[in-house]
Every structure is written in structure tokens, then in C-alpha cells.
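Have a look at the structure below before the remarks.
The values are calculated or read from the model by the stated rules, or taken from the named source; none is laboratory data. Because the structure is a prediction, the values reported are computed rather than measured. Backbone-built Cβ (ideal geometry, glycine too); neighbour counts: all protein chains shown.
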């Protein structure tokens, strides 16, 4: 049986050039054909369950067993490597919906920004191919346990199509979890900023903007039907192709989710109507500050919420000081499916704090395992990747983390091991290297 | 010649309406107009409190005599004013009447560093004291009429443009030649804190405007003393001259009045303040300024809150202000503040009397209201001998009214201005109201005339005989005759009535047929008669005979204004959600059995008691029962107590701009001048345990502005929030912001544009500061104090260099926004060579690369916990920075620069444990003791030690845990956040909002015009925000 430290050393030895590649992004983990057992860690399954002393077996990138170690007999011979993680915590890899990590390196440097295309209706624009697997930013996110992201374009009325990728790949193609999972709509705002009064005033163009969106959906649904008919006829002359409409086709078959970004309650009500109007199978509300006010309606219409950044201020002066912190609890109590996200100011580099948002939600009423779910299984379900990730369950990808302490608390979040699809991830980033470089300069040791 | 001139001056100034017999040629025959006019038997309102029955005698536009018994000279036109009331016409001292329109300069995205104004004027376009309103005055009869109609006879007008606006003229609202209308061409001078049409980059903020005004006071004084040695500056010359006039400052907020008063005190002037209407919120402090206030009457309309969701955008502050604004005059009066009322800001001048009555309904006395419109404004500009009263020698500006001025039904007959009558309502208006018998041919009908004297309304009543019908529609039959019973019903028809002089016309429709009657009202008998057309087109005689006089509904009090003083909400401190009805009083607090993080050698003490008395930490240890029954006892079992959190880098609670970005150095500006205690983020941060903050200038320029170091005393005034003997700080900044790297391609003008330039900015300024200091030293130690020595004028006082010299002297400390090691090192070298120390590097994200040099220099670091990648210069930032700096012996803090993060700085500190393995106690010090040290307030706060300020936080658990919450935050011994009180407050806020929303809805249903919702989301500042957000 090998201790965790030895495993780490082993991994480091494989990449013995670490010391000389300062400030580079470390390579993704190497595939292994070993049979691995993670033993005695506290497993947070992701679906609400826990196993205090767990035995988690991994083979060929998949979880092959999750059991209570106290209730089974372990044959050492069944495994190539057994790692004792007693006293540590195992979680499914954390999932970040609605993120732009990998699409921007430096906020103020335009050349590094790849998330905002020009134009208003851009469903055809795809984020996946711009995702930079060598991003230094992503490298500092995954070392806190966030391993998967829904990478989204921004801007315009329809920003484009997102894809779901993991953060330990050589290339966007290898990193894909689900390609072209959703289109993203920035719902028109009912209140807009007015320079004259320096306040938010009713947006007079709201109805017009909403109509534009409805028209676009109507036209693209007709186009989709027409193309479907054409595809069923042999000789028919094919009508011209419109890339925007092409990108919309799967919206009407349920192949693509529709993520609608909005916060204000009446906008949300309109969005619910919009879902019915166009028979949208998979709709996700992103932001959803006011979702707790229409929770029942959201639940009845099967709309999940990717909740606005938890660490934010109340939108209205008179509101409960801690309202943003307790929104998860309010949605949970109301039975609305939700997960957390980090969109907003400096969202790429701040994504590494996603687990601590979940921790804060616990302080404000959410149960601990529900908080874990809000960045694992719930996110996976909402994004439609729960068949492969999101929980520590047999048959799913071994995309998981082990933390020496409670990973939702910044005091104790300290990864000792992380895997993406069964590959050991290097738990180091260029920031650790810079730290080490100057520790060495000053003759200090940890 | 000189005598003649001064006589002429007198003529122009004081007798301007007299016959300009000789000065100007006449086309035709000269008009003589020196007849006496006597207004006899009138009730004369000499002032708000003095009323007499008697006679007013005027001649040549001025009052000659006034009194109970006045002997009338021969040749007097006598006007009997029996039953009438005469008041002085109103005076408005805040107006731009007759001034040319102000044209905004063309927007240019490029910075404009220098003035574009031609001529021998000062350097800043917003300072325009040379502007003389009277030079540009030309009467505007449309506005004059509007103002005369609501009782005004004269206004003080000025050009409302710029920070120093020049002189104002007192002008009459008469018609005639402009030269005859100017009562006083130079009556006052005006200032403001908005730069108006100037497109010059400086100043870009409120604090910049304040600094510019202060510097101009210094410069004008210096200029006047050294004129012969200096080139001509018409602006400074005018500015200095104007300071002998009454000085009126436009202050668009209650706190700006206090800010302006501080400037007045500094330079020995008592300003008059033009307020914004929210003065009642801080009346006590405004009273203490000793200044008079000019207040507007533009009370806010109710918000249209019919959409409950959208109503959330309206803040409680907005709602409460809507309700309380009409009480402003009354509250100022109750606080003995001298105030004048202006119509400026009233969208519809016709709302004037309605709004005055609203104010009276709130308890303002009619005498105070009258004074606020007459004698008080006149006195403000030393014009009490000319306008605002009915005294001998004053201008014959007065109102003739039907009764007491502010009563609802009173009619102003005429407004006499400079002895010329302007009829507003004809005096011989006959009261035709009453009930008449209307005879047309043989038919009698009843005519009822009601409504107001000025606009009577008519109704025709007549009888209709018809069959009686039961409720279910059946005919009611006479039991005996079995025929339908006839009933007579009264019907009413509205009629169109016009009355002009004594000609009356009446049109109405009966059974779909029109009658149109015209005739005359006989003055004595009150009979109406004339001819009219009948529906068939024929003409017929008609008459109306009065049967009953009209009776006014009697009102309960004599003002006729229904008091509106019940059910009005409180003023709270601050006046917004979570404010206090009354500030808490200082009590003894005993916290028992709590885990205390002392930040002292004693470390963490478990199960310990803490006693707070008189706002200080009194005792730590096992404390027996305290006698004082008022003591607040907190059971701390299972809880933790830490020193209050101190945010070294904050931008909350600041009015109108955190950056003065107009120049590369703005050392003269100070955040301390623009602290805003009405910021919800103060309360929100208390809920996160923050008790002290350094409010910093932004990072737009290498030398920024001075800081304010405050306690988060929620409910107290800006002045009370500041630390007593506040340590002096100034913000410096390096790197991308100051070289304007990310400001777009237009901002490539201002020096510096590179890090190389930044160094030179520092050297240039520090060397100049040293020379400045030497110049002053020479002056102070000059030998010329001996007798007969020539007088030496003091050097120019330069607010910018003064602040920089304080740095050189170690009296002022630098907090420097910094990222990259090269520039950090550079500033330390500049400091070393100039002989001072850089106190703090803030952000300091590459501090870890030069930690040894920082330690050697003695600089502290105040870092972000884990920010990076937002700019090119932070690509090497690492979250281990605080830990490494700390280990290297640099005094290290973790700061927010963010209103949201500040309320969970404990979590940010805890990241030091994760990144770099800091101990828990050290981590807590990052947000408590260490920032206290950096801010030089560690003698008062930062640790739990007997004698220190009682700034403490009670946590539900380990303060560094993500799961812990603040239960109480205590500042100076006051419990300013308490989790239970917070929950109670939420309910109170909801109830108060519900009350106000239903009141607004009621107003809307009652037909009151509403205003659209404007959601004011508090602007959240960080270093980079450049605009003056107008709050």
C-alpha cells in the first residue's frame, strides 16, 4: 500500500523536468492502465450521500466500485495501487457552469479575449474551438478542485453555443465532455441604465427586443422543419443554408439546451412563457436572482437555475443583507433544481473560489451535502452530463478530487490527489512555482 | 466730477426707476410719472409677524409712507383697499432669470488639460469669477410673468455655470428697459461644486471641485498681495473682489452644505447655502454651520409603484424622502435655521402655492413662510432696505390680495412691481356665485353657480315628471285610480359658464337641445338678463334672479389649510433602510465565556469574559457580576470574539467620485472632504465584522488624493465617522492605471505614459515640495520681524505641495497602489533619496519578489488574497503573496478594494492558510492588527487589550471558517450590528415600505401625478472607477 505522499512524488518523478519548466502550464495527467483503490477517505458522493470510510475503485478511467470500506473485504491483489486517504475527503470533480475560463488570459489585454463575438444573434458561434487548454488561469482553477466547465460565449442577444470541457486536456478536442451543449440568450432587460438620471429606468425597447427574439425562434423553427422535410425527400431541390438557423436546429429537438440569462422576476416570467411558446425541451435560467420569487412556476415548468454568483451584494438596498448568500437555501426549500456559477467581474481567475461559494451557502442554511451537490451532481444534471460525471458512482468517469481537509472551506481546501477520467492530474501550477522560486531565493522552506 | 459720478451711481443703484430726465434722449414728449398712489384701508403685512391696518403711499416706484394714519399729499391717486391685504412681493435669491442659455462644450474624448478660454483669465475654465451677470442681463417677459403671477417682484439672478460663477444681479421683474430693472448689479457671488460647461479634465470629482475652490481662495489672496509682481489674472482679481459680497454656494446635498461650510470656516467666510431639499435629514448639523439656507420647493412626486416587482427598485430612502420633503421648511424653522425659499427647480411654477401650502400643512407657520419669501432672502443679500418689505424708501413691490395670502381661496389681484401694476386677477371680479331662478320665456329652472370666485361653475337644475317605477321595473299604480303614479325628479345638467367683466354667457343642453344665453350682470341687484337662442333658433329674453348667496364650506382652522402632520414616518439615521430611529446610547457590555483572539502575546483565550465600558475594553478575564443593570450581557459560550476587521483599502461611503483623474498629481484633494455616511455598504460591512476602513482615492494618477480613515459608525455623520486625530494618508499609484494603459486610445496625452515617466513625476513633485517648504521656512524665520523692515508677503499657499511636503516631513503616509517589482523598487529608491519612507504598498501583488527590499526599507504590504490576471501587470501575482511577505517580516494586511469582498474579509484572510501555510492567528492579523499598524491606529484598535477601543466582533464560530457568521459588531462600545436586531429590522423595513407604497398608490388613485421609477443602485467603486457618479 502506498501513502499519498509517495504517489505525489511518483507523479512528480514522471515529470521530473518540473523544476526547470517554471511558469509553464503543466501537462495533463498520463493515462494509466493500473487498477487503483482509494481507501478510507470520506466520500461525498455528490447526490447527498456520504460514506465515512469509503473504498473507491478505479480502472480504465472509470469508477468501478464505491463501497463502505468497513463492510467489504479488500483483496490487495485486485489492485495495482491502493492509496490510503484516511482522514481525507473525496468529492466528484467540481463543475463550473456558465464560465469563460480558457477564453481569456488577461482581462485588460484585448488580444487574449475570445468570448465576445460581434453581432447580436450568434447561435452559430462555438466556444469549444477557442478554449485554450494551455491557459494559466485554468491551471490555477483545477488545483482547487474545479475540473469541468461549461465554456460560454458572451455578449449580444444570442451569444453563441457553449461546450462542456474538462480542464486537464492537451487540446480542446480531447477535453470535450459535451460539444455544443447549449445556446445562450441574454434576455432583454426590463430596466436599463439611464445616464441622465444615473439610475435604472424601464427599458422602453423591451417589447421590441423580446419580439426580435421570438421572431428569430419562430423563423429558425420553420427553417428546421423545412430542412427536416428536405432531408426526407430524395430529389427535392435543397434550400440555401443559413448557419445561424442551422445552429438552432437542435434547440427544437432537445439536443441543445437553451440557457437564458436574466435576473428580474418579470423577465423570468416571460422566459417561462417563452419556453412554452416554443416548446423548448431543455431550458436553463442563468443568473436568476429573483428565481426564489417564482420558484413554484420554475419547478412546474422544469426550468433549472444556474444561480448568480453567490459572493455578491444584494441588488436592492432594502433587501436582506445576506440574501445572495441564502438564495441556494431558498431554492432548495422551494424544490427548484439549481447549481452555482461564478460569472461576473474577474470571473475567470475567481473561478477557483467556486467551492467556497458552496461553503458560504452552508453557512446560510444549505446542508453540506446539498452544497456539494450544487457544484457537482446538480450541475451535471442541469448541464446534461450526469451520465458520466457529477457523482462518485460506479460506471461514471473517475473525475474526482481528494482534499486533505474540507474542500468547501478555504482554510482546509488542499488537494492531495485529483483525477480526470482516471488520469492523475499534476497538483501544481505556475503560481506554486513562482512561490517556490522566491522561497528558494530567500532560503525559506515550507 | 467725482461727486457727480457718485450721485449718478446713486441714481442708477437706488433710484433707478426715477425719471432719467437728462441721461437719455426721448422720442416725442417726455412722460412725467411722479404721481402719488395711496392704497387706503388695507391690511398691511409689513413682515411675517407685523400687520397693521392703514395706508401705503407710493411714488416713483418706491414706498413713500406706510402706516395707520398717513396724510396724503395733494395730487394723490387714492385706491380703496378695504378688505384687501397687501404683502411685500416675494424675492427669489436663486435664479438664472434673464441669463443667456449655457452651451455645453463639444464632447471630446481626448483629455483637455489646459483652458481654452481666450483672455487674461485663470487656468481653469470652471473658475469664472470675472463673469458679471448684469453685463449679460436681458429681461425675459415670459419668465417674468410666470414669476409675477405667483407673487415675485424681484430675483437675484446669476449664471449657473462653473465652480466660481461670478457675481449675481438683483433685478426687478418689471417691464421696461433693462437698465431700469437692475436693482443691484453686483449683489452677491456664487460658487458650486460642479464644473458646468467646462470641458477641462480637472476637476473630475467632487473632492477635486472642493480642492479647486480652496486653492482659488488661497490664490486670490496671494494675487491681491503680490499683484505688482505677477502677470494680470482677471479671474483672481475678480474672485478676490467678490469675496466681500454675500457668498452663495450651491450644495446639492445636505452633506455638501457641511462640506462647503468647512471651506468657509477655513477662509473666514460665512457662506449662504443653496440646498437641495433634504436638509431636514441633518438639520442639527446644518444649524451648527451658522449659515442661512435657500431651499427649493420641488417636492418629489410619488413614485408609480403600481407594479410591486418594479417597486423594489425604489429605495426606502427615496420613499421616505417623498413623504418628508414637504416637512423640510418646517423642520428648518423648528431648528431656527434662517432659510429662504426659491422657486428654482420647480418644473411648473404654478405648483408654487400648492407646495407652500403643503409645507404649511406640515406645520410651517404662515409668518415663517412669508419671511422665507421676503425679508429673509432680502437680508441674505443685504437688500432688506430695498425689497422684501413694506418699508419707507423700499421699492414699491407688493401684492394686493383678497385675504390672507396662503389661504386656499385667496386671490392675488395684482402684483405691483416698482410701482407698476400687473393685474393677475381683476379686482372688480363680481361674486356671481349663488342660487338663481333662471327664467327663459315661461319656464323656470334653477341655476346654481358655485366653484371659485375666479372660475365659477354653473349647474342647471330642473324637474322632470314621470311615471313611478318599482325596483323590478314595473310601473307603480295608484291603488285607487289604477293609473301610474307620477313622480317629480330633480335633474342636474352641467353648464358652460363664462364671465368676463360683467358679461356673462351660459350654454347648456336640455333633452339633447342646446340653449345659449348671453347677458349682463347688474352690479347692484345681481340680476342677470339678456337674450339667448333657443333650440329652434329663435331669440328669447332670459333672466336670472338670485335667491341664495353662495356659502363657502367652513374650514376648521383659520388658515384654510388642513394640517398634515399625522402618520408621517420618522427621520432615521441614516435615512434609508437599516437606519436608526435614534442612535444607540453607550452602554456597558459584558460578554461571557467566549473564545477571545487577542492578537496579543496571550494568544487565544478560551472561555473568557470581556467587559466594555465607556466605549473601551475595560477588563478581560473572569469577571464577576457587574452592578449596572443597564449592562448588555452576551452569552459567548461556543462563540469567538476578535478585534473588529480593518479594511486597509476601501472605496465605500464616498460621494461623487473616488478618482480625481484630471491631473497626474492631485495631492490637494481629499477623500476626507467627501465622506458619505449614507451608504448601505457601511451597514452591510458591519454585518461582516468590519469596524474601520481607510477610504482611499483611486489609482488614476501617480499622486492621488488624501485618505479618510473612518470607523463604520452607521448612523453618525461623516465628520463623526472619521478618526479623531485622523492619521494623514495619501494614495499613490504605479503602473498601468497611472500611465493610462487601459483607458483607450484617446488617453495618450497626459504625462506619464510609461513607468519611466512615473519616476520623473515623483522626483519633480517632491523636489518642488522641498523647495516650497524651504520657501516657507525662509518666510517664517525671516529677519524682517524687526521694526521698520519692509513688509514681506507670505509665499503662495499651495495645497498640493503642502500635502507632499508633509510626506517629506514624515507627517503624511503613502499607501501606494502597486503591482510590479520594478516600480515598487523604484518608489522605495525615490523615497530613500528624498529621505522618507513608503508606509504601505497596497495590492502589492509582486511584493513577494522584493519582500527583502521592502523589509529593509520598512514598507508594509496590503495585498489582495488571490486576485490576478485582470491586467497584464498582475500576471505574476500569486495567492501565496501575503504568506511570503509575512514570513519575510513585512507588516502584511489583506484588503478588499471591493464592497462585496469587504464583508467577508475573514474568508480572504483564511486563504493565507491555504496558500503558504500561514497560522490561523497570523491569518486573522492580516485583517485586524496588521492593517491597524499600517494605518497607525494600532494604539487604539487591532487587538483585544484593556484600554483599547471597544471595536470587537462576536462570531458564531472560528472567525476564519467559511461557516462562521457575525453575530454582533461593536464599534466604540456601540452594538452597531446585531443578528437579531437585523432580523427585526427586516420586518420593520418591509412594514414601512408597505405603508409608503400604499400611501403612494393612494396618491396616484387620488389623481396626483406620479413619477416613474428610477432605481438607484449604489455605484460600487473600486480603484479604477473614474466617473463622478453624481450621488
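Data for the structure
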| item | result |
| --- | --- |
| In the stretch A:230-242, the residues that are surrounded by 11 or more Cβ atoms within 10 Å (Cβ to Cβ) and assigned to a helix (DSSP H, G or I) | A:230 |
| Any hit, the stretch A:167-176, residues being loosely packed, with under 13 Cβ neighbours inside 10 Å and under 30 Å from residue B:1014 (Cα atoms) | no |
| Any hit, the stretch A:435-445, residues being within 21 Å of residue B:911 (Cα to Cα) and away from every other protein chain (no Cβ under 14 Å) | no |
| Failed condition for residue A:291, given (1) assigned to a helix (DSSP H, G or I); (2) in contact with a strand residue (DSSP E or B) (Cβ under 9 Å, 6 or more places away or on another chain); (3) more than 14 Å from every other protein chain (Cβ to nearest Cβ) | (3) |
| Within the stretch B:883-905, considering residues that are assigned to a loop (DSSP other than H, G, I, E, B) and out of contact with any helix residue (DSSP H, G or I) (no Cβ under 8 Å at 6 or more places or on another chain), the one surrounded by the fewest Cβ atoms within 10 Å (Cβ to Cβ) | B:900 |
| Qualifying residue in the stretch B:966-976 (condition: in a loop (DSSP other than H, G, I, E, B), surrounded by fewer than 18 Cβ atoms within 10 Å (Cβ to Cβ) and modelled with pLDDT of 95 or more) | no |
| Count of the stretch B:829-864 residues which are touching a strand residue (DSSP E or B) at 6+ places or on another chain (Cβ under 9 Å) and surrounded by fewer than 22 Cβ atoms within 10 Å (Cβ to Cβ) | 2 |
| Test: residue in the stretch A:377-400 that is touching a strand residue (DSSP E or B) at 6+ places or on another chain (Cβ under 9 Å), crowded, with 21+ Cβ neighbours inside 10 Å and within 14 Å of another protein chain (Cβ to nearest Cβ) | no |
| Matching entry among B:759, B:719 (being under 25 Å from the mean Cα position of the chain (by Cα), part of a helix (DSSP H, G or I) and surrounded by fewer than 24 Cβ atoms within 10 Å (Cβ to Cβ)) | B:719 |
| Odd one out for residue A:335, checked against (1) surrounded by fewer than 24 Cβ atoms within 10 Å (Cβ to Cβ); (2) out of contact with any helix residue (DSSP H, G or I) (no Cβ under 6 Å at 6 or more places or on another chain); (3) farther than 24 Å from residue A:176 by Cβ | (2) |
| Any pair with Cβ under 7 angstrom, 6 or more apart, that starts in the stretch A:74-101 at a residue that is part of a helix (DSSP H, G or I) and ends at one that is surrounded by fewer than 24 Cβ atoms within 10 Å (Cβ to Cβ) | A:76/A:82; A:78/A:35 |
| Residue satisfying all of: in the stretch A:420-432; more than 9 Å from every other protein chain (Cβ to nearest Cβ) and touching a helix residue (DSSP H, G or I) at 6+ places or on another chain (Cβ under 9 Å); surrounded by the most Cβ atoms within 10 Å (Cβ to Cβ) among these | A:420 |
| Candidate set: the stretch B:812-858, residues that are at positive phi and over 42 Å from the mean Cα position of the chain (by Cα); chosen: the one nearest to the other protein chains (Cβ to nearest Cβ) | B:858 |
| Filter result (without any contact (Cβ under 8 Å) to a residue 12 or more places away in the chain and closer than 30 Å to residue B:532 by Cβ) within the stretch B:454-507 | B:455, B:498, B:500 |
| Flag for residue B:736 being within 14 Å of another protein chain (Cβ to nearest Cβ) and either touching a residue at least 12 places away in the same chain (Cβ under 8 Å) or crowded, with 24+ Cβ neighbours inside 10 Å (or both) | yes |
| Residue B:661 at pLDDT below 95, away from chain A (no Cβ under 14 Å), surrounded by 24 or more Cβ atoms within 10 Å (Cβ to Cβ) and more than 17 Å from residue B:1016 (Cα to Cα) | yes |
| Out of A:200, A:178, sole residue that is under 32 Å from the mean Cα position of the chain (by Cα) and either within 11 Å of another protein chain (Cβ to nearest Cβ) or in a helix (DSSP H, G or I) (or both) | A:200 |
| Single match in B:506, B:453, B:475 (criterion: in contact with a strand residue (DSSP E or B) (Cβ under 6 Å, 6 or more places away or on another chain) and either surrounded by 14 or more Cβ atoms within 10 Å (Cβ to Cβ) or within 16 Å of residue B:430 (Cα to Cα) (or both)) | B:506 |
| Filter pass, residue A:309 being at the interface with chain B (Cβ under 10 Å from one of its Cβ atoms) and closer than 22 Å to residue A:186 by Cβ | yes |
| Residues of the stretch B:863-882 that turn out to be more than 7 Å from every other protein chain (Cβ to nearest Cβ) and either touching a residue at least 60 places away in the same chain (Cβ under 8 Å) or in a strand (DSSP E or B) (or both), as a count | 2 |
| Matching residues, the stretch A:252-272, being in contact (Cβ under 8 Å) with a residue 60 or more places away in the chain, in a loop (DSSP other than H, G, I, E, B) and within 16 Å of residue A:282 (Cα to Cα) | A:256 |
| Flag for residue A:321 being assigned to a helix (DSSP H, G or I), within 14 Å of another protein chain (Cβ to nearest Cβ) and touching a helix residue (DSSP H, G or I) at 6+ places or on another chain (Cβ under 6 Å) | no |
| One residue from B:981, B:995, B:940, B:1019 being at pLDDT below 95 and either more than 10 Å from every other protein chain (Cβ to nearest Cβ) or part of a loop (DSSP other than H, G, I, E, B) (or both) | B:1019 |
| Verdict on residue B:787 being within 14 Å of chain A (Cβ to nearest Cβ) and either part of a loop (DSSP other than H, G, I, E, B) or out of contact with any strand residue (DSSP E or B) (no Cβ under 9 Å at 6 or more places or on another chain) (or both) | no |
| All positions within the stretch B:260-280 that are touching a residue at least 40 places away in the same chain (Cβ under 8 Å), assigned to a helix (DSSP H, G or I) and surrounded by fewer than 24 Cβ atoms within 10 Å (Cβ to Cβ) | B:262, B:263, B:266, B:267 |
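The rows are residues; the columns are (1) under 30 Å from residue B:736 (Cβ atoms); (2) surrounded by fewer than 23 Cβ atoms within 10 Å (Cβ to Cβ); (3) more than 21 Å from the chain's Cα centre (by Cα).
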site	(1), (2), (3)
A:78	no, yes, yes
A:81	no, yes, yes
A:85	no, no, yes
A:93	no, no, no
A:96	yes, no, no
A:101	yes, no, no
A:107	yes, yes, no
A:122	no, no, yes
A:132	yes, yes, no
